[in-house]
Amino acid sequence: MATALDEAFAKAKKDDRCALIGYVVAGDPDMETSRAVIDAIVEAGVDIVELGIPYGDPLADGPTIAAGSQRAIASGANIDGVLRLVGQTKAPVVLFTYVNPILQYGIEKFAMGAKRYGVVGVIIPDVPLEELDPIREVIRKNGLIMPLLVSPTTPDERMRKIASDSEGFTYLVSRLGVTGAKDAPDTTSVRAQLEKLRKMTGRPIAAGFGISKAPHIVAVRDYTDGVIVGSAIVDAYASAKGPANAASAATRLVRLLRLACKRSAAPAAASAT
């Protein structure tokens, strides 16, 4: 049975482009702003929303997203509020969360709530593949999927296993370290990793971590089914005052990113920043 993620990737492929996955920290700086930003970026061309559950001790988040999480926590964001936000979102939503928040909340309660509010999938980057089964069993029981991550240093055999077990899409981490928009990924290396991974799976592949500008997307769009942009979107609205201004700031960026996703786009237009 096809999921909303499958449909989003299929539509992007039909349109001859890679899918655009936009990351937002839920509740940053408050839920009203998050809803305005999400509505705006979906309208501007985001195909799939990756919604981060705020957490005070993130493993993979760079300074931009970590700061967004702190702002969200300070405003009282919690899992209940995040799930309600999902219920108001008009695009497929994949939650990005670390394992501790959902252990504290209760895995069964979390999975049931995620299903009730329309979550499609859950990414949990700090659970090793070998320890994933107990959590994945509960997630699957509630009709959710779990995309998994591979990194530039993942050995080939392990990459093959992760690609086989990943659901919805495989998340290729485009560079070592944490998320962030300041350092560009090595797009030549990313393309090589994408080509290798393509031979291991028939499922979609999405590249993220460090992909923040239109030229980054142009460099990899012919090799990947999707790109994930997070820190650049958070940066775009972080200093805006009020939901409307935050939404406008995020919209301006996303329109450029969406243009770059089109494989037949003219290089000059698609490389605008």
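The values are calculated or read from the model by the stated rules, or taken from the named source; none is laboratory data. Just so it is clear, the structure is predicted and the values come from calculations on it, not from any experiment. All Cβ positions, glycine included, derive from the backbone under ideal geometry; neighbour counts span all protein chains shown.
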| query | Pick from Pro204, Pro243: which is touching a residue at least 60 places away in the same chain (Cβ under 8 Å), more than 16 Å from Ala12 (Cα to Cα) and touching an Asp or Glu at 6+ places or on another chain (Cβ under 7 Å)? | reply | Pro243
| query | Quick one: is Arg116 within 19 Å of Asn78 (Cα to Cα), of a type outside the set (Val, Ile, Thr), touching a residue at least 24 places away in the same chain (Cβ under 8 Å) and surrounded by fewer than 17 Cβ atoms within 10 Å (Cβ to Cβ)? | reply | yes
| field | Unique residue being among the charged types (D, E, K, R) and modelled with pLDDT of 95 or more when the list is Arg175, Arg160 | value | Arg160
| request: Search segment 123-145 for residues that are free of Cβ contacts under 8 Å to residues at least 40 places away in the same chain and pair each with any residue that is acidic (Asp, Glu) when their beta-carbon atoms are under 7 Å apart and the residues are at least 6 apart or on different chains. | output: Leu129/Asp165; Val138/Glu108
| request: For Ile135, indicate whether it is farther than 23 Å from Thr33 by Cα, more than 19 Å from the chain's Cα centre (by Cα) and crowded, with 17+ Cβ neighbours inside 10 Å. | output: yes
| said: Every residue in segment 87-113 that is under 23 Å from Val229 (Cα atoms), aliphatic (A, V, I, L, M) and crowded, with 21+ Cβ neighbours inside 10 Å, please. | reply: Val93, Val94, Leu95
| note | Of (1) at pLDDT 95 or above; (2) within 18 Å of the chain's Cα centre (by Cα); (3) surrounded by fewer than 18 Cβ atoms within 10 Å (Cβ to Cβ), Lys199 satisfies every one except (2)
| Which ones in segment 18-46 are within 22 Å of Asp222 (Cα to Cα) and crowded, with 24+ Cβ neighbours inside 10 Å? | Cys18, Ala19, Leu20, Ile21, Gly22, Tyr23, Val46
| message | Pull out all pairs, ordered by first then second residue, where Cβ-Cβ is under 9 Å, the residues are six or more apart or on different chains, the first lies in segment 20-37 and is farther than 18 Å from Ala74 by Cβ, and the second is modelled with pLDDT under 95 and not in a helix (DSSP H, G or I). | response | Ile21/Gly208; Ile21/Gly230; Gly22/Gly230; Tyr23/Thr179; Tyr23/Gly208; Tyr23/Gly230
| said: Out of the helices (runs of 4 or more DSSP H) lying entirely within segment 70-181, which hold 3 or more residues that are in contact with a strand residue (DSSP E or B) (Cβ under 8 Å, 6 or more places away or on another chain) and closer than 28 Å to Lys11 by Cβ? | reply: 79-86, 156-165
| query | Taking segment 204-223 as the region of interest, how many residues are outside any loop (DSSP other than H, G, I, E, B), under 12 Å from the mean Cα position of the chain (by Cα) and modelled with pLDDT under 95? | reply | 1
| query | Is it the case that some residue within segment 53-67 is aromatic (Phe, Trp, Tyr), in contact (Cβ under 8 Å) with a residue 12 or more places away in the chain and surrounded by 24 or more Cβ atoms within 10 Å (Cβ to Cβ)? | reply | no
| note | Going through (1) out of contact with any Pro (no Cβ under 7 Å at 6 or more places or on another chain); (2) crowded, with 21+ Cβ neighbours inside 10 Å; (3) on the phi > 0 side of the Ramachandran plot one by one, Gly168 fails only at (1)
| Before we move on, is Ala260 among the aliphatic types (A, V, I, L, M) and under 17 Å from the mean Cα position of the chain (by Cα)? | no
| Filter result for Pro152 (closer than 25 Å to Val24 by Cβ and touching a residue at least 40 places away in the same chain (Cβ under 8 Å)) | no
| field | Meets criteria (over 25 Å from Thr97 (Cβ atoms), modelled with pLDDT under 95 and either part of a loop (DSSP other than H, G, I, E, B) or among the aliphatic types (A, V, I, L, M) (or both)) for Ala184 | value | yes
| Yes or no: Val46 touching a Lys or Arg at 6+ places or on another chain (Cβ under 9 Å), of a type outside the set (D, E, K, R) and either in a loop (DSSP other than H, G, I, E, B) or closer than 17 Å to Val229 by Cβ (or both)? | yes
